[in-house]
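The values are calculated or read from the model by the stated rules, or taken from the named source; none is laboratory data. These figures come from a predicted structure and were not determined experimentally. All Cβ positions, glycine included, derive from the backbone under ideal geometry; neighbour counts span all protein chains shown.
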Amino acid sequence: MSDTNYVILTVASVDFSYRETMAKLMSQHSKDLIANAGAKGTRFGSIGTGEHAGSLIFIQFYDDLNGYQKAMEFQSTSPIFREIMDSGKANVYLRNVATSLPTKFENSSEHPKYIVITRAEAELSEKDRFLNCINESASCFKENGALTMRFGNLLTGSNVGNYLLGVGYPSMEAIEKTYNGLLNHSSYKEMMSFAKVNMRNIIKIL
């Protein structure tokens, strides 16, 4: 998946008995959004830790917000999406739009099995410094197994203005190795000196 400018994150509580059915429906819905509504890619998974643990998350990637508008229009007439909503077993309770800033991390074409999303508070004036620290530590993520990386700001929804880092991994082992490596990385230490992490979730891709 190539770099894009915007990321849409939608979180829903879903009855456990409906999860397998919903995963199948969302797989087809994702294909429809890519084919007919301008989405550049999607991810669907279960939040396993931290804030919103136990909920499901749907992540969409777009070049511009017009693409997302087209997706919303398509979704309003989608029989698959209507089936999910009419089931009464899925409740959307959070939707955030975030920017996706260009990083020096070369994203792999391999689909991750896990995504770690980290949200942090920092002054908007620190954006360039924050991005520079992300870029300087990108090699540590890559060397320890990370597959994808996206970094930006939340534009809507809860925690507007916070920074968001999403990193995809092939395994839990790679996540562990990465964070062990970051503990001794100078740029990561610098980030922690001006950015306050207020959420970190591990998502298992379904």
Of the conditions (1) of a type in the set (S, T, Y); (2) under 23 Å from K113 (Cα atoms); (3) buried (at least 17 other Cβ atoms within 10 Å of the Cβ), T21 fails just one. Which one is it? (3)
With the requirement that a residue be assigned to a loop (DSSP other than H, G, I, E, B) and either touching a Leu at 6+ places or on another chain (Cβ under 7 Å) or modelled with pLDDT of 95 or more (or both), what does the range 123-150 give you? N144, G145, A146, L147
Could you please find all residues in the range 81-105 being in a loop (DSSP other than H, G, I, E, B) and under 30 Å from K24 (Cα atoms)? S87, G88, K89, S100
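Looking only at the range 188-206, filter to residues that are of a type in the set (S, T, N, Q) and surrounded by fewer than 17 Cβ atoms within 10 Å (Cβ to Cβ); which one of those is farthest from N135 (Cα to Cα)?
At the first step, the residues of the range 188-206 found to be of a type in the set (S, T, N, Q) are 193, 198, 201.
Subsequent filtering for residues that are surrounded by fewer than 17 Cβ atoms within 10 Å (Cβ to Cβ) retains 193, 198.
Values: S193: 16, N198: 21 Å.
Restricting to residues being of a type in the set (S, T, N, Q) and surrounded by fewer than 17 Cβ atoms within 10 Å (Cβ to Cβ), the top hit is N198.
Name the single residue that is modelled with the lowest pLDDT among those in the range 151-193 being small (G, A, S) and under 14 Å from the mean Cα position of the chain (by Cα). Before the answer, list the steps.
From the range 151-193, those small (G, A, S) are 152, 157-158, 161, 166, 168, 171, 174, 181, 186-187, 193; that's our starting set.
Now narrow it down to the ones that are under 14 Å from the mean Cα position of the chain (by Cα): 152, 166, 168.
Numbers: G152: 94, G166: 97, G168: 98.
Ranking the qualifying residues of the range 151-193, first place goes to G152.
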Can you find a residue in the range 74-90 that is within 25 Å of N153 (Cβ to Cβ) and not hydrophobic (A, V, I, L, M, F, W, C)? yes
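Restricting to the range 70-104, name every residue that is among the hydroxyl-bearing types (S, T, Y) and either out of contact with any Gly (no Cβ under 9 Å at 6 or more places or on another chain) or closer than 17 Å to M22 by Cα (or both).
Our first condition is that a residue be among the hydroxyl-bearing types (S, T, Y); within the range 70-104, this holds for 76-78, 87, 93, 99-100, 103.
Result: S76, T77, S78, S87, Y93, T103.
Tell me, please, whether a residue that is among the β-branched types (V, I, T), within 30 Å of C140 (Cβ to Cβ) and surrounded by 15 or more Cβ atoms within 10 Å (Cβ to Cβ) can be found in the range 53-68.
So in the range 53-68, the residues among the β-branched types (V, I, T) come out as 57, 59.
Narrowing further to those that are within 30 Å of C140 (Cβ to Cβ): 57, 59.
Of the ones still in play, those that are also surrounded by 15 or more Cβ atoms within 10 Å (Cβ to Cβ) are 57, 59.
Yes, the conditions are met somewhere in the range 53-68.
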For the range 175-202, give me the residue count where each residue is of a type in the set (A, V, I, L, M) and without any contact (Cβ under 8 Å) to a residue 60 or more places away in the chain. 3
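Taking the conditions exactly as written (surrounded by 15 or more Cβ atoms within 10 Å (Cβ to Cβ), closer than 27 Å to M149 by Cα and among the hydrophobic types (A, V, I, L, M, F, W, C)), does I84 satisfy them or not?
On the way: surrounded by 15 or more Cβ atoms within 10 Å (Cβ to Cβ): yes; closer than 27 Å to M149 by Cα: no; among the hydrophobic types (A, V, I, L, M, F, W, C): yes.
So I84 does not fit the description; no.
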Residue ID - surrounded by the most Cβ atoms within 10 Å (Cβ to Cβ), chosen from residues in the range 166-187 that are in contact with a helix residue (DSSP H, G or I) (Cβ under 7 Å, 6 or more places away or on another chain) and within 21 Å of Y114 (Cα to Cα): Y169
Selection from the range 109-122 of residues that are part of a loop (DSSP other than H, G, I, E, B) and either in contact with a Phe, Trp or Tyr (Cβ under 9 Å, 6 or more places away or on another chain) or surrounded by 14 or more Cβ atoms within 10 Å (Cβ to Cβ) (or both): P112, K113, A122
Give me the pairs: first residue in the range 75-88 and in contact (Cβ under 8 Å) with a residue 60 or more places away in the chain, second residue of a type in the set (K, R), beta-carbon distance under 9 Å, and six or more apart or on different chains, which are they? none
Are there any pairs, at least 6 apart or on different chains, whose C-beta atoms fall under 6 Å, with the first in the range 105-119 and more than 15 Å from T178 (Cβ to Cβ) and the second part of a loop (DSSP other than H, G, I, E, B), and if so, which? E110/L147; R119/N162
Taking first residues from the range 129-145 that are closer than 11 Å to S187 by Cβ and second residues anywhere that are assigned to a helix (DSSP H, G or I) and charged (D, E, K, R), the pairs with Cβ under 7 Å that are 6 or more apart or on different chains are C133/E190
